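Notes to accompany the following structure.
The values are calculated or read from the model by the stated rules, or taken from the named source; none is laboratory data. Everything quoted here is computed from the prediction, not taken from an experiment. Glycine gets a Cβ as well: all are built from the backbone with ideal geometry, and neighbour counts include every protein chain shown.
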Amino acid sequence: MAASVGYRVDGWGAGRVWLEDDVLLYHELPSGTGRGDAGPQNELTERFRSYFAGERPDFSGVRLDLEDYTPFQLAVVEALKRVPYGEVVTYGELAALAGRPNAQRAAGSVCANNRFPLVVPCHRVVSATGIGGYGASGVEVKRRLLGLEGVSL
């Protein structure tokens, strides 16, 4: 049975994570419109809070619900997880890292549908001509996340 936990981050707002046992199903970034609360935290939400405090928590051991992902989507997720904190790659570079150098649009689709934005850091992927988009969260959130990591575009 899935459970959700809310979390708050000063200067960012509230967010939630959804877990089934120890598998992350989905998490939302904190925002002013988030539904997070100041209730009991868990180890993962504490790592999220430390990320927003400027620390570099390790998300490598977080188990993700990737059951319905195709082999290509899994390769993109693994490539994204290897993009270091404070660095960016283009969609074309991401596709190449995933083994399909001409699939930048498909790699972008994986980013656009990412349910795990901090654990699978799609904010570290930019367009060849600039910052690129960031789905419903908007480019300013992407810019803020990159700014936390010392990247300015």
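Residues checked against (1) part of a strand (DSSP E or B); (2) of a type in the set (A, V, I, L, M, F, W, C); (3) outside the structural domain of GLY11 (by TED's automatic domain parsing); (4) on the phi < 0 side of the Ramachandran plot:
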residue	(1), (2), (3), (4)
ARG49	no, no, no, yes
PHE72	no, yes, yes, yes
GLU87	no, no, yes, yes
ALA96	no, yes, yes, yes
VAL119	no, yes, yes, yes
GLY132	no, no, yes, no
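For the subset of segment 117-141 comprising residues that are closer than 15 Å to SER31 by Cα and in contact with a Cys (Cβ under 9 Å, 6 or more places away or on another chain), which member is surrounded by the most Cβ atoms within 10 Å (Cβ to Cβ)?
Ranking the candidates gives TYR134 first.
From ARG82, ARG49, ARG105, ARG100, grab the single residue that is surrounded by fewer than 17 Cβ atoms within 10 Å (Cβ to Cβ) and either within 16 Å of the chain's Cα centre (by Cα) or under 21 Å from VAL141 (Cβ atoms) (or both).
From the options ARG82, ARG49, ARG105, ARG100, the qualifying one is ARG82.
When you go through (1) in contact with a Lys or Arg (Cβ under 8 Å, 6 or more places away or on another chain); (2) assigned to a helix (DSSP H, G or I) one by one for ARG105, which number turns out not to apply?
Of (1) in contact with a Lys or Arg (Cβ under 8 Å, 6 or more places away or on another chain); (2) assigned to a helix (DSSP H, G or I), only one is false for ARG105: (1).
Identify all residues within segment 48-70 that are in contact with a Leu (Cβ under 8 Å, 6 or more places away or on another chain) and charged (D, E, K, R); write none if there are none.
Once the filter is applied, which keeps residues that are in contact with a Leu (Cβ under 8 Å, 6 or more places away or on another chain) and charged (D, E, K, R), segment 48-70 yields ARG63, ASP65.
Can you give me the number of residues within segment 1-37 that are assigned to a loop (DSSP other than H, G, I, E, B), at pLDDT 90 or above and either in the same structural domain as ALA112 (by TED's automatic domain parsing) or of a type in the set (A, V, I, L, M, F, W, C) (or both)?
2
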